[in-house]
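The next block holds one structure in the form of structure tokens; read it before the comments.
Rule-based calculations on the coordinates, nothing more; no lab input. Given the structure is predicted, the values throughout are model-derived calculations rather than measurements. Methodologically, a virtual Cβ is constructed for each residue, glycine included, from the backbone with ideal geometry; neighbour enumeration extends over all protein chains shown.
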Amino acid sequence: MIELLWLLLPVAAASGWWVARQAYLGRVGAAARDADYFKGLNYLIDDKPDQAIEVFTRMADVDRDTAEIHLALGNLFRRRGEVDRAIHIHGSLIARTNLTVDQRQRAALELGEDYLRAGLFDRAEALFQGLVDQPDYMEVAVSRLIYIFQQEKDWRQAIAFCDRLERILSL
């Protein structure tokens, strides 16, 4: 029995060392991510979107669980006119299974904005239709649908959604 304990002692020591190392690396990694995050924000504040995109892309590659970084990165691409890259980022974000309901809805809203900017009204309409009953996104989704129906000259739908927006705003 004592021989077994002596054999397990190095295993316990190695396990303890490994757990401590993983915890340490996690803290160091988190500190580096925080530093990169603030570095990227500083680039945005200084109106240097290229450097900010580079930093945020590097962060997104390192930490796949950061939906906010993906959303911000897609928005940066859309503002710069790189709508195809924004669509790719927001589309891949929606395809992930580990998002919260709110993150998924926000990603759908952003992807709808990307499609709208690209002139893909049918795809944008489908996404905004999925958000019109969500309290946090209702007003913006209805507004975007009004715009789409005006562009498509679907006046009946545009008027119906104008009435709906009026009801939303009067609440």
message: One residue is enough: does the stretch 102-114 have a residue meeting the conditions more than 20 Å from Phe77 (Cα to Cα) and outside any helix (DSSP H, G or I)?
response: no
- line: Taking first residues from the stretch 112-124 that are touching a residue at least 40 places away in the same chain (Cβ under 8 Å) and second residues anywhere that are among the hydrophobic types (A, V, I, L, M, F, W, C) and crowded, with 21+ Cβ neighbours inside 10 Å, the pairs with Cβ under 7 Å that are 6 or more apart or on different chains are Asp114/Ala86; Asp114/Ile87
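For Gly74, are the conditions met, namely being surrounded by 18 or more Cβ atoms within 10 Å (Cβ to Cβ) and under 30 Å from Phe38 (Cα atoms)? Step through it out loud before you land on a result.
Working: surrounded by 18 or more Cβ atoms within 10 Å (Cβ to Cβ): yes; under 30 Å from Phe38 (Cα atoms): yes.
In short, yes.
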